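Presented below is the structure to which this report refers.
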Amino acid sequence: MQDIENIELTLLSLDDYQELKKTMIEVYSNMTDNYWKEHQIKALISKFPEGQIVIKVNDQIAGCALSIIVDYDKFDDAHTYKQITGEATFNTHTAIGDTLYGIDVFIKPEFRGLRLGRRLYDYRKELCERLNLKGITFGGRIPNYHKYADKLSPKEYIEKVKFKEIQDPVLNFQISNDFYPARVLKGYLQGDEASNEYAVLLKWNNIYYDKPSKKAVADKKLVRLGLIQWQMRPYKNLDDLMQQAEYFVDAVAGYRSDFALFPEFFNAPLMAENNHLSEPQAIRELAKHTETIVQKFTELAISYNINIITGSMPEIVDGHLYNVGYLCKRDGTTDRFEKLHVTPDEAKIWGMEGGTQLKAFDTDCGKVGVLICYDSEFPELSRLLADEGMDILFVPFLTDTQNGYSRVRNCAHARAIENECYVAITGGVGNLPKVHNMDIQYAQSAVFTPCDFAFPANGIKAEATPNTEMILIADVDIYLLRELHEFGSVKNLQDRRTDLFELKKR
């Protein structure tokens, strides 16, 4: 091979045609009518110039990639090359389509081994992302299939290529570039005798694709979290407590946070006025404030343009006592969540029962889940939420000792890793000497991430000062989670052995 002085990726020009024609004749020497005519290249450049690129080595064409945009719903997965290209007129191209379709890609033999093909595919992927298309699709040739056609079906051939039992230079290359086989195409490309006219429908999904919406505001992908490490202190009444809550909502909203997270039982100080009652009676008196608190938080969410996770509060439903919380969205709607696993103390001292509802919630910042304190220590719950598409898990908690806090913290950190999501935890600090069963608290609020190259090496995005009233602000990037799901060093969600075990709701 000649010495390489420069490699350039550039848009295809009609001036390149004669050299392109000569290159194609060389590359496709075993196929009839093996080059694009000048009027066809002219049509491609005219319709979609960004989709036609060449890679040049020392100013000589070394490879080429041609593509169009199609409305894929107009074709089914069993299409032929003639159908998808409009019999090579490319009238199937539409600027308002949703899929980048690969028409052709090749590297000149003398330049193979330099990973130039990867550069062409990387360009296509970047173009797909920039144009906000669903993904890339094309029919991939299997030029070695003719050697095995008398022994193997196309499906069997593809399986053996996938498991490295057979080498197919084209299909191996596509799979190594993150394309996955979707189905076998029969009679795809006329004249492709090496493939027995079979092809493999290959696809690559754009993980950044945003479905066009008629809404005025699109979903956010860079999300700011505001965690409130709440000081337990005496309050005169509910208005006094909510004034303090509004102070914190105002503070985190002032930093343009998308979420405000309060701790579990942040309203416990109000039990002081009922300290003369038994613990079960006092917690039930506290439950009488819940409806008013939710209404006030809903108003604050709207007026401060922020999504508020209310921590948790006691609530009585049909005579049963539950530990619940609410997601008050800035559009005025609310969602309710329940603590499913109550602690032994909650059950024994208060007579509290575990809830039954578990679901992920849609917000303008992606899907979120909430697990109250002890629930974070049961990995099945967060995995079910992850299966629903959860991006951020919020854990409001209340722990009285560092031992209890460490259980919540370490389990929350594990949930971030195993579910490839962000986890935000926040708790109450200080003491309430005049409230039975709530006399002291220990907390250090934090935001945890998966442990991969795009995230902090220790998986800790931010953490508060222990046992100090404060707010913690942290930004999390939902796009990084999408990349992790597809390209992470390990893929905890994808690599689950679902052939051996299954997790599902009843």
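Please compute the Kirkwood hydrodynamic radius over the range 7-205, one decimal place, Å, based on all pairs of different Cα atoms.
Hydrodynamic radius (Kirkwood, Cα pairs) of the range 7-205 is 17.1 Å.
Could you estimate the translational diffusion coefficient of the range 402-506 from the Stokes-Einstein equation, with Rh from the Kirkwood formula over C-alpha pairs, at 10 °C and 1.306 mPa s, in whole µm²/s?
101
For helix 478-487, what angle does its Cα long axis make with the longest principal axis of the chain, in degrees from 0 to 90 and rounded to 10?
Compared with the principal axis, the helix lies near 50 degrees.
With the convex hull built on the Cα atoms of the range 464-506, state its orientation-averaged projected area in nm².
6.5
Does anyone have the angle between helix 238-254 and the longest principal axis of the chain? Alpha-carbon axes, 0 to 90°, nearest 10?
With both axes taken from Cα atoms, the answer is about 30 degrees.
Rounding to the nearest 20 debye, state how big the charge dipole of the range 342-419 is about its Cα centre with +1 on each Lys and Arg Cβ and -1 on each Asp and Glu Cβ.
The dipole of the range 342-419 has a size of about 180 debye.
Based only on the alpha carbon positions, what is the Kirkwood hydrodynamic radius of the chain, in angstrom?
For the chain, inverting the mean 1/r across all distinct Cα pairs yields 26.4 Å.
For the Cα atoms of the chain, what angle does the longest principal axis make with the long axis of helix 290-303, in degrees from 0 to 90, nearest 10?
With rounding to tens, the tilt is 50 degrees.
Report the one residue of HIS436, VAL408, LEU227 whose Cα lies farthest in the direction of the positive end of the charge dipole of the range 222-487 (charges on C-beta: Lys and Arg +1, Asp and Glu -1; origin at the Cα centre).
So the residue we want is HIS436.
Which value in nm describes the separation of the simple spin-label points at ILE7 and ASP331, placed 7 Å from the Cα toward the beta carbon?
4.7
Rounded to the nearest 20 Debye, what is the dipole magnitude of the chain about its Cα centre when Lys and Arg each give +1 and Asp and Glu each give -1 at the C-beta?
The dipole magnitude comes to about 640 debye.
Using packing as a proxy for protection, rank 195-204, 84-93, 452-461 so that the peptide with the highest average count of other Cβ atoms within 10 Å comes first.
The densest-packed peptide leads the list: 195-204, 84-93, 452-461.
If each DSSP helix of 4+ residues adds -39,500 (n - 2.57) and the sum is divided by the residues in the chain, what number results at 222 nm, nearest 500 deg cm²/dmol?
-8000 deg cm²/dmol
Cα atoms only: what Rg and Dmax, in Å, come out for the range 337-480?
Just the Cα atoms of the range 337-480 yield Rg and Dmax of 15.3, 48 Å.
With +1 on the Cβ of every Lys and Arg and -1 on the Cβ of every Asp and Glu, and nothing else charged, how large is the dipole of the range 387-506 about its Cα centre, in debye rounded to the nearest 20?
Here the range 387-506 has a charge dipole of around 420 debye.
What list of ³J(HN,Hα) couplings, whole Hz, do you get for the range 17-26 from phi and the Karplus terms 6.51, -1.76, 1.60, once you set θ to phi - 60° and write x for glycine and proline?
Listing the rounded values in order: 4, 4, 5, 5, 4, 4, 5, 5, 4, 6 Hz.
From zero outward in steps of 5 Å, how is the percent of C-alpha pairs of the range 222-487 spread across the bins?
Values per bin, smallest distances first: 1, 6, 14, 19, 21, 18, 12, 6, 2, 1, 0, 0.
Choose one of TYR101, GLY117, THR80: the residue whose Cα lies farthest towards the positive end of the charge dipole of the range 7-205 (beta-carbon charges +1 Lys, Arg; -1 Asp, Glu; about the Cα centre).
Positive-most Cα among the choices belongs to GLY117.
Taking 27 Å as the cut-off for C-alpha to C-alpha distance, list the pairs among LYS22/LYS47; LYS236/LYS288; LYS296/LYS461; LYS162/LYS186 that go past it.
LYS296/LYS461
Running Debye on the range 192-273 with equal point scatterers at the Cα sites and no solvent, what base-10 log of I(q)/I(0) appears at q = 0.24 Å⁻¹?
Taken in order of the listed q values, log10 I(q)/I(0) reads -1.15.
Sorted by mean Cβ packing within 10 Å, highest first, what order do the peptides 3-13, 495-505 take?
Highest to lowest by the protection proxy: 3-13, 495-505.
Could you tell me the relative contact order of the chain? Use alpha-carbon pairs under 8 Å, at least six residues apart, and round to a whole percent.
Rounded, it is 10 percent for the chain.
Values quoted throughout were computed directly from the atomic coordinates according to the rules given, and no laboratory measurement underlies them. Not measured: the values here are computed from a predicted model. Using ideal geometry, Cβ is built from the backbone for each residue, glycine included, and neighbour counts are taken over all protein chains shown.
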